[in-house]
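Single-structure report; data block below.
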Amino acid sequence: MSEIKQRASFGTRMGAIAASVGSAVGLGNIWRFPYQAGENGGGAYILVYLLCVVLLGIPVIMSEFVIGRSTHKNMKGALRQLSPKSKVHHFAYFCVIGSIVICSFYSVVCGWVIEYLYQAATGTLAGHTPAEYSQVFKDFVGSPVRGVTWTVLFLVINFAVMLLGVRRGVEGVSRVMMPLLFVILIVFCVNSLMLPGSHKGLEFLFSPDFAALGWDGVVDAMGQAFMSLSLGIAALVTYSSYFSDDSPLMKDAVTIASLDTLVALLAGVVIFPAVFSFGFEPAAGPELVFEVLPSVFYQMTGGYWWAILFFVLLFFASLTSTISLSEIPITFLTEEFKMSRAFATLLCAVVVIVLAALCALSFNVLSGATVAGMNIFSLFDYVGSNVFMLLGGLFTAIYVGWFLHKQVIMDQLAVRGRTSSFDYNYVVQCLRFFAPVAILIILYYYVTA
Ligand code: PHE
């Protein structure tokens, strides 16, 4: 049998889209986007964000799809095949390390999600005053045993899914969890919109306040588009290497970006009307989800169920993202080092569990271990999001925009043998000019901030 025949692939186009949307939709959409929009002028931030998705997000998704689908290989094998005479394939190490760094700190937050889910289900999360919820959260992250245990438990679930393989594990889980995630979100939206005074939340989220946006807000929106669409570390190269050759890539990229954006907006529609309706402060920042929302849910009728449902939603969103983060090193190890999937999964699990435990401990026993004023968790977050994703995106955009053979891009953009010149020009011009300039601005801003 040929190598390609033996290689796994997604079973259906729906499954491939579900997995990619699963990668994109994560804590970034439900936890980060709403509070960033809240802090940065609502509608003004959303407008800039939408522009970033169109000019930066979709073209960079396409650049990753072109690399992955044209070769059906992991990032290293793909770059080696596309540019056999150059050394660009070494860039794949950067992506693999980036995915491990991001997976490690991200899993700590996923650990918080499942502890909250457990507490909501057993009833112990209920019955606190708003001030006490901040304490509940601080107690939790302050406890080394609890922090590490829940993080490790989450990662065990994550790597158990990975053991099942691309089709049964990655695709199977995404095909179940993604539709359920949308159903839960819509139920929440309807509930939020029916709360008295919900319009104040919608006004807060959507009315554009350009004065509050500022330059910071623009840079945040660009960075958020990158994080939210899972760009720069070959997550989408890896997934698209399992796509079938006849799926219309451009359409798929637009669908994935649109669904990801829709989830972010719906998350805002769920959160702000509820926060306003019960008289809470909307500008809570990152603690919004863990410290403010529990109080909000328990004031609603059926609060027990709302709390559970919300943390189930977050669990689905985060698991499908860590699955895509784990697939990057696993595909790399199985193809480049000829490891079995089981062995590669185990190896990744051990490495990520150790690093994630260090991140969880950085809130308590290791809080004194800091680099440039950041604890290990913040350092991983900072380096993962700002260095790996952004530099990775810069590389991918320049490589595909300037160096990849035109025919490879044309072939991948083709639908039933024909390539629209609009699609080609849109993707290539954005990759050549807009994406590198935008990424350099974000990088400059983060470095000098
Ligand atoms: N896109 C995910 C989110 O919004 C995070 C992620 C980044 C997932 C990179 C995979 C790869 O939360």
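The values are calculated or read from the model by the stated rules, or taken from the named source; none is laboratory data. Just so it is clear, the model here is predicted, and its values are computed rather than measured. Note that we place each Cβ from the backbone using ideal geometry, even for glycine, and neighbour counts take in every protein chain shown.
Selection over region 215-264 of residues that are in a loop (DSSP other than H, G, I, E, B) and either closer than 23 Å to Leu440 by Cβ or touching a residue at least 12 places away in the same chain (Cβ under 8 Å) (or both) gives a count of 13.
For Ser230, the conditions (1) away from the ligand (no atom under 16 Å from the Cβ); (2) crowded, with 20+ Cβ neighbours inside 10 Å are fulfilled apart from (1). Contact annotation: no residue pair with Cβ atoms under 7 Å, 6 or more positions apart or on different chains, pairs a residue in region 95-114 that is within 12 Å of Gly147 (Cβ to Cβ) with a partner that is among the acidic types (Asp, Glu) and within 10 Å of the ligand (Cβ to nearest atom).
Among the listed residues Arg13, Arg80, which satisfies the condition of being without any contact (Cβ under 8 Å) to a residue 24 or more places away in the chain and out of contact with any Leu (no Cβ under 8 Å at 6 or more places or on another chain)? Being without any contact (Cβ under 8 Å) to a residue 24 or more places away in the chain and out of contact with any Leu (no Cβ under 8 Å at 6 or more places or on another chain) holds for just one of Arg13, Arg80, which is Arg80. Which residue out of Lys251, Lys338 is of a type outside the set (Val, Ile, Thr), in contact with a strand residue (DSSP E or B) (Cβ under 8 Å, 6 or more places away or on another chain) and modelled with pLDDT of 90 or more? Being of a type outside the set (Val, Ile, Thr), in contact with a strand residue (DSSP E or B) (Cβ under 8 Å, 6 or more places away or on another chain) and modelled with pLDDT of 90 or more holds for just one of Lys251, Lys338, which is Lys251.
Against the condition among the charged types (D, E, K, R), under 23 Å from the mean Cα position of the chain (by Cα) and assigned to a helix (DSSP H, G or I), how does Asp381 come out, does it pass? So Asp381 fits the description; yes. Against the condition surrounded by 15 or more Cβ atoms within 10 Å (Cβ to Cβ), within 16 Å of the ligand (Cβ to nearest atom), of a type in the set (S, T, N, Q) and under 29 Å from Gln119 (Cβ atoms), how does Ser241 come out, does it pass? So Ser241 does not fit the description; no.
Please determine whether any residue of region 292-303 is assigned to a helix (DSSP H, G or I), within 16 Å of the ligand (Cβ to nearest atom), buried (at least 21 other Cβ atoms within 10 Å of the Cβ) and not acidic (Asp, Glu). Among the residues of region 292-303, not one is assigned to a helix (DSSP H, G or I), within 16 Å of the ligand (Cβ to nearest atom), buried (at least 21 other Cβ atoms within 10 Å of the Cβ) and not acidic (Asp, Glu), which makes the answer no.
Conditions tested, residue by residue: (1) of a type in the set (A, V, I, L, M, F, W, C); (2) touching a Leu at 6+ places or on another chain (Cβ under 9 Å); (3) at pLDDT 90 or above.
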{"site": "Val365", "(1), (2), (3)": "yes, no, yes"}
{"site": "Gly368", "(1), (2), (3)": "no, no, yes"}
{"site": "Phe380", "(1), (2), (3)": "yes, yes, yes"}
{"site": "Val383", "(1), (2), (3)": "yes, no, yes"}
{"site": "Gly393", "(1), (2), (3)": "no, yes, yes"}
{"site": "Thr419", "(1), (2), (3)": "no, yes, yes"}
{"site": "Phe433", "(1), (2), (3)": "yes, no, yes"}
{"site": "Pro436", "(1), (2), (3)": "no, yes, yes"}
{"site": "Ile439", "(1), (2), (3)": "yes, yes, yes"}
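Taking region 16-37 as the range and being part of a helix (DSSP H, G or I) and within 6 Å of the ligand (Cβ to nearest atom) as the test, the residues that pass are Ser23, Ala24, Leu27, Gly28, Asn29.
Filtered by the rule that a residue be over 24 Å from Val53 (Cα atoms) and buried (at least 24 other Cβ atoms within 10 Å of the Cβ), region 63-78 gives Lys73, Asn74, Ala78. Being over 21 Å from Val183 (Cα atoms) and crowded, with 18+ Cβ neighbours inside 10 Å is a property that does not hold for Leu319. Scanning region 88-120 for residues that are surrounded by 21 or more Cβ atoms within 10 Å (Cβ to Cβ), over 18 Å from Leu391 (Cβ atoms) and of a type in the set (Phe, Trp, Tyr) gives Tyr106, Trp112, Tyr116. Condition check for Phe278 on (1) closer than 24 Å to Gly123 by Cα; (2) modelled with pLDDT of 95 or more; (3) more than 16 Å from the ligand (Cβ to nearest atom): one failure, at (2). Kindly indicate whether Val350 is surrounded by fewer than 18 Cβ atoms within 10 Å (Cβ to Cβ), out of contact with any Gly (no Cβ under 7 Å at 6 or more places or on another chain) and in a helix (DSSP H, G or I). Here the answer is yes, as Val350 does meet what is asked.
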